[in-house]
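Inspection log for the structure reproduced underneath, given as structure tokens.
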Amino acid sequence: MERLKLAASEKMSLREAVYQTLRRAILTNEFQPGERLMELRLADELGVSRTPVREAIHLLEKESLVIQEPHRGVVVAQITLKQLRDVLELRSTLEELSVRLACRRAQDTAFKRLQEAASRFAQAVEQKADVTELARRDVAFHDVIYHMTENEKLVQMVANLWEQIYRYRVEDLKDKKRGETLAREHQQLVAALCARDEEAAMRTARLHIANQELAIAKRLEGEGEHAV
């Protein structure tokens, strides 16, 4: 039974369309951790040749979303507590630096954009949007903060880490109550930033990430996952 629909767009190359389709399927658990991804079957299902599928899988390997296993081939990577903690450790450091710099450097007009982004996320939670949309709006909220730092290198570093963070963000938002919690934490962060209170902003950002780690770790442990 077909599960995939090619995410085609005039602006996308065929490789990009296949990559985005497979990536979304992994992030939304249409493809489960440990599931094999076979080039020929995927190519048939998407109605494309094996070449763009192979190229897309190579890109997914770079993001650690798929791995090569002996005697099995390409499989969807597991989400482990060790990987979670490694990624969020980096994110917490970058997040604290970002809010500190934002307090010091942000233009007054940026705070309006930040509040709008927080409101859009809260609205999506109220409307019970799917996890992909919630994750997109959460990314957009934090992206405003990163650009408020006016540090292009920092924005670039976050962008490089973002793909790995995204999978955990989606996992976090599968719990509907977490969306409400995140919306409240966003507003607390907005308040601290608008007051240009560095200590409060850093403390709130640190707690925001710590809560995310606890929520996802609890979910993984409930599914039988263990730290490695």
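Counting each DSSP H run of 4 or more residues in the chain as -39500 (n - 2.57), what helix-only mean residue ellipticity at 222 nm follows after dividing by all residues, to the nearest 500 deg cm²/dmol?
-24000 deg cm²/dmol
Using only Cα atoms, tell me the angle between helix 108-126 and the longest principal axis of the chain; keep it within 0 to 90° and round to the nearest 10.
On a 0 to 90 degree scale, this one is about 50.
Taking the Cα centre as origin and putting +1 on Lys and Arg beta-carbons and -1 on Asp and Glu beta-carbons, what dipole magnitude results for the range 19-171, to the nearest 20 debye? Write out the running numbers ahead of the final one.
Details: 23 positive and 24 negative charges, 38 e Å.
The calculated dipole for the range 19-171 is roughly 180 debye.
With a point put 7 Å past each Cα toward its Cβ, work out how far Lys62 is from Lys5 in nm, to one decimal.
Label at Lys62, label at Lys5, 2.9 nm between them.
Treat each spin label as a single point 7 Å out from the Cα along the C-beta direction, and report the Gln78 to Ser119 distance in nm.
For Gln78 paired with Ser119, the spin-label model returns 4.5 nm.
Mind checking the range 91-155 for trypsin sites (Lys or Arg not before Pro) that DSSP puts in a loop (not H, G, I, E or B) and that have at most 16 other Cβ atoms within 10 Å?
Of the trypsin sites (Lys or Arg not before Pro), the ones in loops of the range 91-155 whose Cβ has at most 16 other Cβ atoms within 10 Å are Lys128.
In the chain, which longest range has no GluC sites (Glu not before Pro) that are both DSSP loop (not H, G, I, E or B) and surrounded by at most 11 other Cβ atoms within 10 Å?
11-222
Between Leu214 and Thr93, take the C-beta separation as r, use R0 = 25 Å, and let me know the FRET efficiency to the nearest 0.05.
Plugging the Cβ-Cβ distance into 1/(1 + (r/R0)^6) gives 0.90.
Can you tell me the orientation of helix 14-27 relative to the chain, as the angle in degrees between its alpha-carbon axis and the longest Cα principal axis, to the nearest 10?
70 degrees
Tell me, what is the 1.4 Å probe accessible area of Ser13, in Å² to the nearest 10?
Approximately 60 Å² for this residue.
For the chain, report the accessible area per residue in Å² (1.4 Å probe, heavy atoms, rounded to an integer).
Roughly 54 Å² per residue, with all protein chains present.
Using a Cα distance threshold of under 22 Å, what count of lysine pairs results for the chain when pairs must be 8 or more residues apart or interchain?
Counting lysine pairs in the chain gives 10.
Find how much the distance from Arg100 to Arg24 grows on full extension, using 0.36 nm per residue of separation minus their present alpha carbon separation; answer in nm with one decimal.
24.1 nm
The values are calculated or read from the model by the stated rules, or taken from the named source; none is laboratory data. Every value quoted in this text rests on a predicted model; they were computed, and no experiment measured them. As a convention, Cβ positions derive from the backbone with ideal geometry for all residues, glycine included, and neighbour counts pool all protein chains shown. Each accessible area value is taken on the protein alone, full model and side chains, heavy atoms only, with ligands, DNA and RNA left out. Shrake-Rupley method; radii C 1.70, N 1.55, O 1.52, S 1.80 Å.
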